[in-house]
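Q: Below are the structure tokens for one structure; questions will follow.
A short reminder: the numbers here are calculations on the coordinates, not readings from a lab. Keep in mind it's a predicted model, so treat the numbers as computed, not measured. We place every Cβ from the backbone using ideal geometry, glycine too, and count neighbours over all the protein chains shown.
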Amino acid sequence: MDTLEALNLATFLGINADLNTPHWRIGTAILLANGLIYLIPLALIGLWCWGKERQRNLALKGCFVVLLALGMNQIIILLWPHPRPFMMGFGHSFMAHAADSSFPSDHATIFVGIGLTLVFNSVRSLIGWSVLAAGAVVAWARVYLGVHFPLDMVGAVAVAILAWLAIHMMWLRVGEAVTWRIEQFYRLVLAQPISHGWIRR
């Protein structure tokens, strides 16, 4: 474990920005680290509100994958809390962040969970690869800015894969029924915009 931690710290120092980094690079990294995550709910809303049953099933499955993965993250944090770089006085931090456990990264977990759900589907695989690519950018930016270690991102990938596998096996049995029930609720609550043709029934 000491060797792994040493590799983690060394890799972090190789990515982390230093005090001579131009302001425009820091600003761009902050925008990427905090802004790209909003594409995830927009993509899921788009799949649900303007997609057909298959796309809705996929969007809902992605939500369950992320919920399970984030829940697993919370258990890991309770069992093995790991300080962030700035809490250890390590490297340089260029973005304000709560002094909580860094492992695994919730941001990376969300991107990988949604990305995997979309990649392993022939209809939306291109979007899935785009989500994974965006997730890699966010992961790099958050290490670059000093709020995460590289190992936090590796852990996020592992958690997201396990969550996807668990939900996928469950979804084969109950996915269609769950989607149908939530569709009924959606059609009831949003009957007005549906009737105007603003969103798909």
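Q: Provide the FRET efficiency to the nearest 0.05 for the Ala98-Ala191 pair, computing r from the beta carbons and using R0 = 35 Å.
A: For Ala98 and Ala191, the calculated efficiency is 0.30.
Q: Please give the helix 150-189 orientation as an angle from the longest Cα principal axis of the chain, in degrees from 0 to 90, rounded to the nearest 10.
A: Once rounded, the angle reads 20 degrees.
Q: Still on this model: For helix 39-50, report the angle its Cα long axis makes with the longest principal axis of the Cα atoms of the chain; keep it between 0 and 90° and round to the nearest 10°.
A: 10
Q: Counting other Cβ atoms within 10 Å, keep those with at most 11, restrict to DSSP loop, and tell me which trypsin sites (Lys or Arg not before Pro) in the stretch 46-104 are left.
A: For trypsin sites (Lys or Arg not before Pro) across the stretch 46-104 that sit outside H, G, I, E and B with at most 11 neighbouring Cβ atoms in 10 Å, the list reads Lys52.
Q: Still on this structure, I have one more. Normalise the Debye intensity by I(0) for the stretch 12-100, one equal point scatterer per Cα, no solvent, then take log10 at q = 0.14, 0.19, 0.20, 0.24 Å⁻¹ and round to two decimals.
A: For the stretch 12-100, the Cα-only Debye profile gives -0.77, -1.01, -1.04, -1.16.
Q: What is the dipole size for the chain, taken about its Cα centre, with +1 at each Lys and Arg Cβ and -1 at each Asp and Glu Cβ, in debye to the nearest 20?
A: Charge dipole of the chain: 980 debye, to the nearest 20.
Q: Taking other Cβ within 10 Å of each residue's Cβ, how do Ile45, Ile26 sort, fewest first?
A: Final ranking by Cβ density, sparse to dense: Ile45, Ile26.
Q: Quick one: Cα centre-to-centre distance for the stretch 1-31 and the stretch 80-140, in angstrom?
A: So the separation of the two Cα centres works out to 15 Å.
Q: Computed from the mean reciprocal separation of all distinct C-alpha pairs, what Kirkwood hydrodynamic radius does the stretch 2-195 have, in Å?
A: One decimal place: 17.9 Å for the Kirkwood radius.
Q: At a Förster radius of 30 Å, what calculated FRET efficiency corresponds to the Cβ-Cβ distance of Leu4 and Trp180, to the nearest 0.05?
A: 0.10
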